Structures are given as structure tokens and as C-alpha cells.
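Worksheet: the structure to be examined is printed underneath.
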Amino acid sequence: MQAIISHYNYWIYILLMMIGLYAMLAKNNLIKKVIGMSIFQTAIIVFYVSISAKEHASIPIIAHGHGHGAVEAAIDVAHYANPLPHVLMLTAIVVSVGTLGVALAICLGIYRRYNSLEEDEIQEQLQ
Amino acid sequence: MIWQLDLSVLTLIVICAFATIMVKDLLSAAIIFGAYSFLMCLLWTEMGAVDVAFTEASVGAGVSTVLFIAAVYQTSRTVKPRKSGRGLAKIFALLATLLTGLVLLIAEADFPGFADLSSPASLHVSPYYITQTLHDTNVPNMVTSVLADYRGYDTMLETVVIFTAGLAVIAILRRYKKDQPFTPPEPYILSKGYPDTIIRFVARQLVPFIQLFALYVVAHGHHSPGGGFQGGVILGASFILLAISYDFKTVLGIMNEKWNVLLGNLGVLIYAGIGFLCLGLGANFLDYSILSKVLPATDRVMARSHGMLGIEIGVAIAVMAIVISIYLNVVSRGKYDKGL
């Protein structure tokens, strides 16, 4: 039971990754493929964020008063979630909106040229 | 960590992911994907990653959804049924997916348990960040101090990546010629083109408060969740709200294309400029503590805090400009004539 509780998270992330990957591979519509890519990205991000979690830990902001050096108490490492994966994933999310913009721009470019977003119709016109 | 809550949110997330892949209407898919992102935020808040959740709420659930809707508006709304004879490809895709999942599951068995205190990721550099951030930089929000100070190189190049993405969208989509007039795509459903007084009034009243909140998020990122990325996206979203509720030309009058690219440049320049300023003053690139020489009445610790604020402002300007630019290009298919 303990093993399941401490690992079921990862199984669900893997399931999300599989959903995203399947959409990228099998879907015919290009927008659907882009949505699949976004799901894949969030699955990886949630995986990273889950690494940072600690049992009974607080958010990574030190409780403080105002002014310089307001906190002098010793800081317990186990009391705060690991901030490093948060930083990496925060920037990854913002970059993901950039990549999403580029992906949608390419989709619109394809639509302008082939008047379709369906993979098989584009294939037919290419041949 | 309450595992029951965790499990129920995760179940809803998986349902949303399935639904957004299966549904035939692309507009519905975009909206369900927005719901998926909000559930993700909930999950991350529950894991204690408030900064990440904040970013996802503004980026994933806000801007991404708008971009999807803009793209659907410019193309077709429904997914056409696939022509026959492609069943084999689907089976192969399913096989590849299952194989990947199986490999990942096998690899996962060696992972440390969820929320394990002695997981390797929490042992190497992260204790230093947690214990020393207040002493080194006087910034209580560790995520901000790691983002802008300890790992400043990372963040600078991420900003460059976003700027490059904005340029790429312009390069792919922008058309300067006035070719054929805009013909609405076939299922023309999203906007009838007449002004809606209530929506316009509410949006106009909201925009200044949204922008004020965005400035607060940028300035207060040292002490609470937030920072340059979130604040920049919220600023950009306020302009997008204006573009949707009024019309395209209104926003273009405030933020035209030239300004967008210039501001994107300026943001990256502020970031790199502070880095070079540190270099010029005789310290390492992005070592803000040396800025105490030029900033009045600051010691080396506060100088790091102020240096972070400077680069957060740069990031906010760049992200704002690029988000607006991507939206304007996608929604008008690069012609800058008419939007949602």
C-alpha cells in the first residue's frame, strides 16, 4: 500500500505522457497534434515539480517580517519544498507558450498554402 | 500533501486530457485544454509550487487557450473524419506509445518515492539555496533568488528563447502585401463583428486594474509568488483582452508592430546590460553584488536584491511584448487587418 501511494503519481504522469505522444503520432488534425505536444510538455513539467515535493513541507518562501535581516531564526531545509525544479519549470512553461506560438504559426502557414489542416489531405496535395 | 486530494485532481486531469484529444470540435478541445491547465495549477499549488502554478494560470490557462482559439478562428473548427485505409498507422502509433509507456514504467520503479525527503534532487545544491538565500540576497522567495541570481544565465537565455520565438512567428506569418481581402473561414462562428456594450465596458474598466496587478506581481516577486515572467504575461494578457473586446486596431494603435519588437529587444537588452554592467564594474557576469558601487546607500546584499528587480523588469518587458506580438500575428494570420 505504501509503495502504491508513493508511486501512483508517477504512473499517472506516464499515462499523461502516453496520451500526448499518441495524439502527436496518430491524430490527423495538426491542431490536435499541437494539443498533444502541450499535454506531453505539461506531463514532463508535472513530473519535475513532483520531484521537488517534500512530506509536510511549506511553499519555498521564507516566513519573514519587514526590513533588513528580519529573520534570524535557523532555517530547516526539510521545512521548505525544493525550489530548484520550480525555477526550471517556471521558465519552461513560459518557453512552452513561445513554442506553442511558433507551432500554431506553422499550422497557419500550412493552412494558407494547402487550405487544410488534415494530415492526409496535405499528403495528397504534396504527391 | 493529502494523497486523496492529489488522486482526485489527477483523475480529473486524465479525464480532461482524454476529452481534449477525443473531442471532434476544436474549439471545445481548446476550452477543455484550458480546464486541464487550471487543474494542473491546482495540483502544483497542492505540491507547494506556487510560482509554477501562478505561471501556469497566466500562461497555460490564459494565453495558450487564447492562442488556440485564435488559430481555430483562422482555420477550420471541426476535425474532418480520416479517409479509410489508415487504421494500420493508428495501430502502430498505439504500439509505439504502449512501448514507450512500458519503458518509462520500468525506469520509474527505481525512483525515490513521492515527497521523499532524502530524494537525490533535494540533497545536492538545493539545501544551499534554501538556507542561504536570505543571508546572501535578502530575498525570502527562494524561487525568485534562484531564478534571477543563482541561475541568472539560465533565465537570460530563456528570455532570449522567448524573443527568438516571437521573431520566428513574425518571420513565418507576417505578410506585408495587401493581397486578397479577408474571407472568413467556413464555420464562421466566433465573432459576429458587432460591438457588445457590456463586454466592452467591463473590459475597459478591468484593463487598468489588471495592469496595476501585473506591476505589483513584478515588483513584489521578491516577497510573494510572482516575478517578471508572470507579470509580463499578465500585462500582455491585458492588451489581448483589449484586442478581443474592442477590435484589433485599438491595440495596434497603442502597441504597434515596431514597438513590440523594440520592447522585446529592450527587455533582453536590460537583462544583458545589467550583466555587462557587473562585468564592467569588475565582477563576474550577472554578479549583482558589485552594483553596490553605483547604487546609492546599498550594501552588497541589498545590491543583489535590486539587481534581481532590474532583470525582472527586463524579463517582464520582453515577455509582454512577445506575447502581444504572437497573439496579433496568429489572430490576423500575419496580415494585421482584422482579429477576433
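The values are calculated or read from the model by the stated rules, or taken from the named source; none is laboratory data. Here the structure is a predicted model, which means the values were calculated and not measured. We place every Cβ from the backbone using ideal geometry, glycine too, and count neighbours over all the protein chains shown. Each accessible area value is taken on the protein alone, full model and side chains, heavy atoms only, with ligands, DNA and RNA left out. Shrake-Rupley method; radii C 1.70, N 1.55, O 1.52, S 1.80 Å.
Before anything else, pin down the relative contact order of the range B:142-340: Cα pairs under 8 Å, at least 6 apart, normalised by residue count, whole percent.
Once divided by the residue count of the range B:142-340, the mean separation gives 32 percent.
In whole angstrom, how long is each semi-axis of the equivalent ellipsoid of the range B:1-159, when you take the square root of 5 times every eigenvalue of its Cα gyration tensor and sort them from largest down?
Listed largest to smallest, the semi-axes of the range B:1-159 are 36, 23, 16 Å.
With every protein chain kept in the model, how would you rank B:PHE38, B:PHE33 by accessible area, 1.4 Å probe, largest at the top?
My answer, sorted largest first, is B:PHE38, B:PHE33.
On a 0 to 90° scale, report how tilted helix A:2-26 is relative to the longest principal axis of chain A, with both axes built from alpha carbons and the result rounded to the nearest 10.
So the inclination is approximately 20 degrees.
At a 1.4 Å probe radius, which order do A:ASP76, B:ASP337 fall into by accessible area, largest first?
I get A:ASP76, B:ASP337, largest accessible area first.
Which whole-number percentage describes the relative contact order of chain B, with Cα contacts under 8 Å and a sequence gap of 6 or more? Can you show the working numbers first?
Numbers: 411 pairs, mean separation 71.3, N = 340.
The normalised contact order for chain B reaches 21 percent.
Along each principal axis of its Cα atoms, how long is the protein assembly as shown end to end? Whole angstroms, biggest number first, please.
Result for the protein assembly as shown: principal-axis Cα extents of 68, 59, 43 Å.
With N denoting the number of residues in the range B:142-340, provide Rg(C-alpha) divided by 2.2 N^0.38 Å, to two decimal places.
1.19
Interface size between chain A and chain B, please: total buried accessible area, 1.4 Å probe, rounded to the nearest 100 Å².
Accessible area lost upon association: around 8800 Å².
Summarise the partner chain shielding of B:26-39 as one whole number: the mean count of Cβ atoms from other chains within 10 Å of each residue's Cβ.
Mean inter-chain Cβ contacts per residue within 10 Å come to 2.
Which whole number gives the average, over all residues in B:139-152, of C-beta atoms from other chains lying within 10 Å of the residue C-beta?
Mean partner shielding for this stretch: 5.
For the range B:227-313, state which chymotrypsin sites (Phe, Trp or Tyr not before Pro) are in a DSSP loop and have at most 11 other beta carbons lying within 10 Å of their beta carbon.
Nothing satisfies the criteria.
Scan chain A and hand back the longest stretch that contains none of the GluC sites (Glu not before Pro) lying in DSSP loops with at most 12 other Cβ atoms within 10 Å.
Longest run free of exposed loop sites: A:73-127.
For the range A:84-127 and the range B:219-246, what is the separation of their C-alpha centers, rounded to whole Å?
Their Cα centres are 24 Å away from one another.
Compute the projected area of the convex hull of the Cα atoms of chain A, averaged over all viewing directions, and report it in nm² to one decimal place.
11.7 nm²
Starting from the Cα coordinates of chain B, work out the convex hull volume and express it per residue in Å³.
Cα convex hull per residue, to the nearest whole number: 183 Å³.
Please say if the range A:1-66 is rounded, prolate or oblate, where rounded means a/c under 1.5 for a ≥ b ≥ c the square roots of the C-alpha gyration tensor eigenvalues, and otherwise the choice is prolate for a/b larger than b/c and oblate otherwise?
Oblate, because a/c is 1.5 or more while a/b does not exceed b/c.
Determine the dipole magnitude for the range B:142-340: charges of +1 sit on the beta-carbon of Lys and Arg, -1 on that of Asp and Glu, nothing else is charged, the reference point is the Cα centre, and the result goes in debye to the nearest 20. Write down the numbers at each step before the final one.
Values: 16 positive and 12 negative charges, 123 e Å.
With only Lys, Arg, Asp and Glu charged at Cβ, the dipole is about 580 debye.
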